[in-house]
Amino acid sequence: MTRVEEPVRTDLAAENADELRHYYYQMLLLRRFEERTSEMYVKAKIGGYCHLNLGEEATIVGLMAALKPEDYIFTNYREHGYILARGVAPGPVMAELFGRETGVSGGRGGSMHLFDAKANFMGGYAIVGGQVPLAVGAAYALRYQGRPGVVVAQMGDGTTNIGAFYESLNLAKLWKCPVLFFIVNNGFGMGTSVAMGSSETELWRKGASFRIHGEQVDGTDVLAVRDAVRRLRTRAEAEGEPALLDLVSFRFRGHSVIDADRYRDPEQVRKGRETNDPVRNFAALLHDHGIADDEWLKSTAIRVDREVQEAIDFANASPDPKGEDLFTYMYATPVPNTPGPEEAARAVQINRGEL
Amino acid sequence: MPIITYRQALNDTLGEELARDPNVLLMGEEIGVFQGSYRITEGLLQEFGPKRVVDTPIAEEGFVGVAIGAAMLGLRPVVEIMTINFVLVAIDQVVNHASKIHYMFGGQVRVPLVIRTPSGGTGQLGATHSQSFENWFAYCPGLKVVAPATPYDAKGLMRAAIRDNDPVIFIESLALYDTKGEVPEDDDFVVPIGLAEVKRKGSDVTVVSYSRMTAVALQVAQRMESEGISVEVVDLRSLRPLDRPTIMASVKKTNRAVVIAEDWYSYGVTAEIAASIQEEAFDYLDAPVQRVAGIEVPLPYAKDLSAASKPSANSLIYAIRQVLKGSRGR
């Protein structure tokens, strides 16, 4: 077990400049996407619950930079950034938030249930802890079928207090599942601080009684996250050795878009945004090292703004799912005595007062 | 056709499906080294090895979740839950995850999973080990729930369940494991999910039942024949989807219906069937539908009280007489 008191400073000279600039582009895309998502929520384009990744951009981009195409990702409900950083186009992601047929889950999932089979993005899950055994199961299947790759079980700090998490740790180690338990530790589960909810506040220790290696990582440092994931990923794949990462990060806003964030000290939040802004800090780092100049930073911002606007335009122009398709995805194997398009269309018409 | 037990029919089918498809695997507590708490998996660890027959720790939420995640990547796990009472520990994974993954993610991923478990009570197992929760799962869209009553249906439905690409809850019964019946040897034999069957033809009254209560209903039908009462028995076989057309065809013929199930009376399976009959066959009824179900108590241990709290042949006979008289209420 290791605790990283001082983040490992990566030698930028040894880095590929194009890759570094790509990380920055992705982080900024996540930032703008979430800012505009918040705006669309206030405009009632987006319904339900909506949780943003603002402040967690380095954690997400660092993770995705270390993963390979054959890897699988299971997340919680705060996942817009993960599917974007995995390479899924912003348009279908925004369309899902809008509940449109062109959305990544066909408008059936919403903000908390994004999915893309082609990207091995295996879903956002909205019951805390529910995704963790699923991820272990996916890793179990990789092992069973002798396939390469690992599985990421992403979760928040609050998830480390639920039983499913501990059963998952036990089974992952017992059955040698190549899974990374990826704990985004932003210090709060909704309004409950880590100290209020967990007798062990050093979350990286929580795998210890299962003989699972744990590490704390600075979640605001994209390169530190990438390097830690890369290292543990390699070991997980080669040896079937699960690992636990405690990614200390800072949540810029309340739990969800509508949360006024009254339980946090406003001064600390202000300071946190100022000092822990991974996007701004990374821009400064690239600038200082001559990897990104003012002009590039400016043109990247323009590009990102345009791409997010195009995503919103795409979502706006997309059709709603049809009433007659209400039962379309009910079963993968059709069976008798199940309702179809006619029953769906009729139920919808009655509900709308059209019959 | 050979005559074998319900247990043997399940054991044979699990073995055949393991041999047929390398992605099929069995998981559960005590299914391997111990040979299965009720010996349904007897001999399969020896035949197929620990990769295909996986003993799990006591962690239902964990291993049911693992089975779902593995199914999402193409495995076809058949999970044994020792009794249905323990499935409550895993219900988040079944109801919030397995049932929703295909629909909620726009049909992009399938969950070919079978959870097999014995339901109901027998032999003074007491309040926590005698419950019937198949209605909880039948309530949930996205699941398929089957409950065979005979070795024939046990084999045919288990085949169908394992080859199906959706999560199937497969309800068994401790009291049926030793019952015997004819089972086909044909490799292609399956019983389709979603279809009920008239197990016995009759003209005076329809009894609707499933699983162990179908066995009870068939015995009662036999007994009542000597009194000149002709009982038709509709065996549901699937609780979700529910084959309402077969129920209605029978009720429209006999004009009287009794519904029997082991679960508790209020909000149970019998309530759903009775409601469906009044919706779809109201004009054909000569008497109110009678329901026979579990008495609503935490099942007492004491022998007589325990037996008195579960539906019996006598309680079914009583209900049949009531419906023939046109009595109202219980």
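Every read-out reported here was derived from the displayed coordinates using simple, explicitly stated rules and does not represent laboratory data. Note that the structure is a prediction, hence the values are computed from the model and not measured. We place every Cβ from the backbone using ideal geometry, glycine too, and count neighbours over all the protein chains shown.
Observations on the model:
- Between A:Ala208 and A:Glu101, the distance separating the two model label sites (each 7 Å from Cα on the Cα→Cβ line) works out to 5.6 nm.
- Rg and Dmax, both from the Cα atoms of chain A and both in Å, are 20.9, 70.
- Radius of gyration over Kirkwood radius for region A:173-254, both on Cα atoms: the Rg/Rh ratio is 1.00.
- The C-alpha radius of gyration of chain B, expressed as a fraction of 2.2 N^0.38 Å, stands at 0.98.
- Sum of side-chain charges, A:Asp320 neighbourhood, beta-carbon under 11 Å (Lys, Arg +1; Asp, Glu -1): 0
- The spacing between region A:41-76 and region B:147-220, judged by their C-alpha centroids, is 46 Å.
- Other protein chain C-beta atoms within 10 Å of residue C-beta, averaged over A:123-134: 6.
- 26 Å Cα-Cα threshold exceeded, pairs from A:Lys43/A:Lys322; A:Lys68/A:Lys176; B:Lys180/B:Lys325: B:Lys180/B:Lys325
- Considering only beta bridges that DSSP places wholly inside region B:178-330, some 20 percent are antiparallel.
- Radius 14 Å from Cβ of A:Phe188, net charge of other residues (Lys, Arg +1; Asp, Glu -1): 0
- Positive-end residue of B:Tyr177, A:Val335, B:Thr270, charge dipole of the protein assembly as shown with Cβ unit charges: B:Thr270
- Cα centroid separation, region B:271-297 to region A:303-355 (Å): 35 Å
- Three-way shape label, region B:1-142, alpha-carbon gyration tensor, a/c 1.5: oblate
- Environment charge of B:Tyr139, counting only residues whose C-beta is closer than 11 Å and scoring Lys/Arg +1, Asp/Glu -1: -1
- Pairs of alpha carbons in region B:74-120 separated by more than 14 Å make up 55% of all such pairs.
- Bridgeable aspartates and glutamates around A:Lys45 (alpha carbons under 17 Å apart, same-chain partners fewer than 8 residues away excluded): A:Glu34, A:Glu35, A:Glu96, A:Glu101, A:Glu310, A:Asp313, A:Asp320.
- With a Förster radius of 41 Å applied to the beta-carbon distance between B:Glu225 and B:Arg39, the computed FRET efficiency rounds to 0.70.
- Relative frequency of Cα-Cα separations exceeding 22 Å in region B:197-325, percent: 29 percent
- Remark: relative contact order (chain B) = 15 percent; criterion is Cα-Cα distance under 8 angstrom and separation of 6 or more residues.
- Rounded to whole Å, sorted largest first: equivalent-ellipsoid semi-axes of region A:136-186, Cα gyration tensor: 21, 12, 6
- Long-range Cα-Cα pairs in the protein assembly as shown (distance over 45 Å), rounded percent: 29 percent
- Normalised by the number of residues in chain A, the average gap of Cα pairs under 8 Å and 6 or more apart makes the relative contact order 22 percent.
- For a label point 7 Å along the Cα-to-beta-carbon line of A:His287, residues of region A:200-231 with backbone N under 18 Å: A:222
- Within the protein assembly as shown: Cβ-based charge dipole about Cα centre, in debye rounded to nearest 20 (Lys, Arg +1; Asp, Glu -1): 1080 debye
- As a length-normalised measure over Cα pairs under 8 Å and 6 or more apart, the relative contact order of region B:197-325 settles at 27 percent.
- Using the rule -39500 (n - 2.57) for each DSSP H run of four or more residues, divided by the residues of the protein assembly as shown, the 222 nm mean residue ellipticity is -12000 deg cm²/dmol.
- With a threshold of 30 Å on the Cα-Cα distance, the over-threshold entries among A:Lys271/A:Lys298; B:Lys253/B:Lys303; B:Lys51/B:Lys155; B:Lys144/B:Lys253 are B:Lys253/B:Lys303.
- In this simple spin-label model, placing a label point 7 Å from the Cα along the Cα-to-Cβ direction at both A:Ala44 and B:Glu296 gives a separation of 4.1 nm.
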